[in-house]
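Novice: Below are the structure tokens for one structure; questions will follow.
The values are calculated or read from the model by the stated rules, or taken from the named source; none is laboratory data. Everything quoted here is computed from the prediction, not taken from an experiment. Ideal geometry is used to build each Cβ from the backbone, glycine not excepted, and the neighbour counts take in all protein chains shown. Ligands, DNA and RNA are stripped out before the accessible areas are found, and what is left, the full protein with its side chains, is counted by its heavy atoms. Shrake-Rupley method; radii C 1.70, N 1.55, O 1.52, S 1.80 Å.
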Amino acid sequence: MTYRAPVSEMLFALRHVAGLDAVLGDDLTADDARTILEEAARVADGVIAPLNRAGDRHGTPLRDGAVTTAPGWREAYRTWIDGGWNGLSADPDHGGQGLPLLLNAACTEMWNGASIAFGLCPLLTAGGIEALAQHGSEDLKARYLGKLVSGEWTATMNLTEPQAGSDLALLRSRAEPVGDGRYRIVGAKIYITYGEHDLADNIVHLVLARLKDAPAGTRGISLFLVPKVLPDGTLNDLRCSGIEHKLGIHGSPTCSMAFGDDGGAIGWLIGEENRGLACMFTMMNAARLGVGLQGVGIAERATQGALAYARERRQGRAPGAQGTSAIVEHADVQRMLLTMKAYTAAARGICYLTAAALDAARGAEGQAAHDRASLLTPVAKAFSTDIANEVTSLGVQVHGGMGFVEETGAAQHMRDARILGIYEGTNGIQAIDLVTRKLPLRDGATVRAQLASLRRVAEGLLKDADPAYGHMGARLRAGIEALDRATSFQLRALASNRPETALPGATPYLRLFGLVQGAACLAQGARAARAALQAGDTDPGHAGRIALARFFAENELTAAAGLADTVMDGGAFTETAALALVG
Ligand SMILES: Cc1cc2nc3c(=O)[nH]c(=O)nc-3n(C[C@H](O)[C@H](O)[C@H](O)COP(=O)(O)OP(=O)(O)OC[C@H]3O[C@@H](n4cnc5c(N)ncnc54)[C@H](O)[C@@H]3O)c2cc1C
């Protein structure tokens, strides 16, 4: 079983959960949106997905300084950029198509459902485009943006060093001005995704380094553009010094990079000196939503594989059945499949909502939408990738022993998904970001506005009073109250300068947020499906959307109250951790 992009489900979520209709008009109609998604699906399903296994087996060997991707990958990348997919939502001034980020989010989900290892390369290029477009000089933009937007060249993000992972204040790479606007960069970076490869003629590295006499810590870090091939066509003083052997995403090279073996790699400053981290955050925010979408993509793929297997495999007899049953008939297997499907759809809703907020931030809504996107980004990243790990693991479980051996692909999905909670800021760091930086936005008004939007969904459910909803309305209302209690607790702790009270509950708080927000996305979809059915729409998917939202509310959202208790009362472990972790 390979991958089929769920175009109808995506369109439904885009329109009824994330509000795509608000940006539709003469320039982009609903039919255009469908055509774009169908065309993207053709490339994802037919060109990229079949290469996923080959990438896993082949890896990305490094020989004589050159890194090669698996057979077929170069051609697939060429087909992909020739289709204009890299610049789908990039600025038309730089050769992009200027379409909503929301549509690009759905396409990003597809590339990564087809192959995370493949989708990762453009994801980093997208972050590079964003950082350069927002902070680069006109000269740098003119020289690099066109080829990055077309995908002819790719970008990397060079932050991590052996001693500096989550804590970039410890970064040691150095930069020195040459005197003509250029800088010489010297340092060693590790874990650099697509730091070297054979998909493009040039690789544009965005590198964090310190200038001499820069202030210590994160205030002394600058961002440089350091191309593999210099504008005069000569090779820069940088190389891939090693390739990591890793648990998953074998198709994508993870490189150690050496800058300046021969005196210093030539680079150009992006933004201001010592303000590099702010520029890099532009890149990381775009990339964080992208990683969330990687989670949705692989969860979808794992769900499709598990469902197909469960329909084929026959074992045991379900209550009331004659003879052996397909395992999909067993309640416990149904529980696993519904859990996989519901979490995938919930995470999709959250990621699309985040992309919609980013679109709205570019338009009339401005700052409020920007703040909403900032609030949702860590949830989109961490919740979607946590559930990707859970869903892919359930995918192995549905397959039984066949899941543990490599034949079905279920094991590869689980191995590939494992990185998602680690890179682009670990999920622990996302939770800290959500609680300490995002909740206090506008003195809590941003999160309060989000809670109000959730309440409107719950009120709508209760007003409909449709028996098909079961306990969905009541469960959603209770979940929102739990999130409200935990939010107030965290805001109080921060306002009284007690981070030691807020931080122990950061990860359960993020989970609670994702759970309730995800349930609201599904519920909103259920309401739209109900309205469509009442209007005579015969789409067979509508009844399933209502059933899935109900399943999630009645079986998963019930954890909300417990999570709120953990946020508010669980922090006492920090007093006794030293005792329990002794030895
Ligand atoms: C396959 C792969 C690809 C990657 N691609 C790139 C790339 O392209 N560019 C790049 O620059 N980097 C890349 N990375 C690096 C990645 O971003 C880091 O691994 C990640 O940021 C974590 O850093 P670390 O590995 O040093 O872990 P550490 O920072 O040592 O963290 C270890 C654990 O401690 C926790 N922790 C750390 N600090 C805190 C804190 N203050 N509070 C609470 N918990 C904390 C973390 O959450 C984690 O659970 C990649 C890594 C991998 C494995």
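Residues are listed down the side, and each one gets a yes or a no for (1) among the acidic types (Asp, Glu); (2) loosely packed, with under 15 Cβ neighbours inside 10 Å:
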| residue | (1), (2) |
| --- | --- |
| Gly363 | no, yes |
| Gly366 | no, yes |
| Arg372 | no, no |
| Val391 | no, no |
| Leu394 | no, no |
| His399 | no, no |
| Gly403 | no, no |
| Glu406 | yes, yes |
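Novice: Which residue is modelled with the highest pLDDT, if the candidates are limited to region 177-198 and must be away from the ligand (no atom under 16 Å from the Cβ), open to solvent by less than 70 Å² (accessible area, probe 1.4 Å) and part of a loop (DSSP other than H, G, I, E, B)? Before the answer, list the steps.
Specialist: Initially, region 177-198 is screened for residues away from the ligand (no atom under 16 Å from the Cβ), giving 177-184, 186, 198.
This time we only want the ones that are open to solvent by less than 70 Å² (accessible area, probe 1.4 Å), so: 178, 181, 183, 186, 198.
Within this subset, residues satisfying the condition of being part of a loop (DSSP other than H, G, I, E, B) are 178, 181, 198.
Values: Val178: 95, Gly181: 91, Asp198: 98.
Here the answer is Asp198.
Novice: So which of Glu138, Glu109 is more than 11 Å from the ligand (Cβ to nearest atom), buried (at least 24 other Cβ atoms within 10 Å of the Cβ), acidic (Asp, Glu) and assigned by TED's automatic domain parsing to the domain that holds Leu24?
Specialist: Working: Glu138 fails: buried (at least 24 other Cβ atoms within 10 Å of the Cβ).
Result: Glu109 is the single residue among Glu138, Glu109 that is more than 11 Å from the ligand (Cβ to nearest atom), buried (at least 24 other Cβ atoms within 10 Å of the Cβ), acidic (Asp, Glu) and assigned by TED's automatic domain parsing to the domain that holds Leu24.
Novice: Cβ-Cβ distance below 7 Å, separation of 6 or more or different chains: which pairs start in region 251-268 with a residue that is closer than 10 Å to Arg239 by Cβ and assigned by TED's automatic domain parsing to the domain that holds Ala188 and end on one that is within 16 Å of the ligand (Cβ to nearest atom) and not in a strand (DSSP E or B)?
Specialist: Hits for this filter: Cys255/Gly195; Cys255/Glu196; Met257/Gly195; Phe259/Ser173.
Novice: Considering Ile243, Ile270, which residue is modelled with pLDDT of 95 or more, under 23 Å from Leu123 (Cβ atoms) and within 13 Å of the ligand (Cβ to nearest atom)? Lay out the reasoning, then the answer.
Specialist: Working: Ile270 fails: within 13 Å of the ligand (Cβ to nearest atom).
Going through Ile243, Ile270 in turn, just one is modelled with pLDDT of 95 or more, under 23 Å from Leu123 (Cβ atoms) and within 13 Å of the ligand (Cβ to nearest atom): Ile243.
Novice: Residues of region 220-244 being without any contact (Cβ under 8 Å) to a residue 24 or more places away in the chain and outside any strand (DSSP E or B), which ones? Explain how you work it out, then say what you get.
Specialist: Pass one, region 220-244, residues without any contact (Cβ under 8 Å) to a residue 24 or more places away in the chain: 232-235.
Passing the criteria: Asp232, Gly233, Thr234.
Novice: Additional query: Among the residues in region 115-132, are any open to solvent by 10 Å² or more (accessible area, probe 1.4 Å) and more than 20 Å from Leu289 (Cβ to Cβ)?
Specialist: no
Novice: Can you tell me how many residues within region 376-389 are touching a Ser or Thr at 6+ places or on another chain (Cβ under 8 Å) and surrounded by fewer than 24 Cβ atoms within 10 Å (Cβ to Cβ)?
Specialist: Adding up the residues that qualify gives 0.
Novice: From the set of residues in region 415-427 that are within 18 Å of Gly514 (Cβ to Cβ) and in contact (Cβ under 8 Å) with a residue 12 or more places away in the chain, which is farthest from the ligand (Cβ to nearest atom)?
Specialist: Just the residues of region 415-427 that are within 18 Å of Gly514 (Cβ to Cβ), to begin with: 417, 420-422, 424-427.
If we keep only those that are in contact (Cβ under 8 Å) with a residue 12 or more places away in the chain too, we end up with 417, 420-421, 424-427.
Numbers: Ala417: 12, Leu420: 10, Gly421: 9, Glu424: 6, Gly425: 6, Thr426: 3, Asn427: 7 Å.
My answer is Ala417.
Novice: Select from region 199-221 the residues that are open to solvent by 10 Å² or more (accessible area, probe 1.4 Å) and either within 13 Å of the ligand (Cβ to nearest atom) or among the β-branched types (Val, Ile, Thr) (or both) and list them in ascending order.
Specialist: Thr218
Novice: Something else about it: Could you tell me which numbered condition Pro253 fails, if it satisfies all but one of (1) within 14 Å of the ligand (Cβ to nearest atom); (2) open to solvent by 10 Å² or more (accessible area, probe 1.4 Å)?
Specialist: Going through the list (1) within 14 Å of the ligand (Cβ to nearest atom); (2) open to solvent by 10 Å² or more (accessible area, probe 1.4 Å), Pro253 breaks only (2).
Novice: Here is a follow-up. Scan region 533-543 for residues that are of a type outside the set (Asp, Glu) and either touching a Cys at 6+ places or on another chain (Cβ under 9 Å) or open to solvent by 40 Å² or more (accessible area, probe 1.4 Å) (or both) and jot them down. Outline the logic, then answer.
Specialist: Applying the first criterion (of a type outside the set (Asp, Glu)) to region 533-543 yields 533-536, 538, 540-543.
Correct list: Leu533, Gln534, Ala535, Gly536, Thr538, Pro540, Ala543.
Novice: Same structure, new question: Look through region 165-176, keep the residues that are open to solvent by 80 Å² or more (accessible area, probe 1.4 Å) and touching a residue at least 12 places away in the same chain (Cβ under 8 Å), and return whichever of them is farthest from the ligand (Cβ to nearest atom).
Specialist: Here the answer is Glu176.
Novice: Tally the residues that are more than 8 Å from the ligand (Cβ to nearest atom) and either within 14 Å of Tyr423 (Cα to Cα) or buried (at least 24 other Cβ atoms within 10 Å of the Cβ) (or both), restricting the search to region 154-164.
Specialist: The number of residues fulfilling the criteria is 3.
Novice: Taking Gln430, is it part of a helix (DSSP H, G or I), surrounded by 17 or more Cβ atoms within 10 Å (Cβ to Cβ) and within 16 Å of the ligand (Cβ to nearest atom)?
Specialist: Working: part of a helix (DSSP H, G or I): yes; surrounded by 17 or more Cβ atoms within 10 Å (Cβ to Cβ): yes; within 16 Å of the ligand (Cβ to nearest atom): yes.
Yes, satisfied.
Novice: Name the pairs whose Cβ atoms lie under 8 Å apart, with the first residue in region 72-83 and over 16 Å from Gly55 (Cβ atoms), the second modelled with pLDDT of 95 or more and part of a helix (DSSP H, G or I), and 6 or more positions between them or separate chains?
Specialist: Once the first residue is over 16 Å from Gly55 (Cβ atoms) and sits in region 72-83, its partners that are modelled with pLDDT of 95 or more and part of a helix (DSSP H, G or I) give Ile81/Ser150; Gly83/Glu39; Gly83/Val43.
Novice: Just one of (1) in contact with a Lys or Arg (Cβ under 7 Å, 6 or more places away or on another chain); (2) crowded, with 23+ Cβ neighbours inside 10 Å trips up Thr354, so point out which.
Specialist: With (1) in contact with a Lys or Arg (Cβ under 7 Å, 6 or more places away or on another chain); (2) crowded, with 23+ Cβ neighbours inside 10 Å applied to Thr354, the lone miss is (1).
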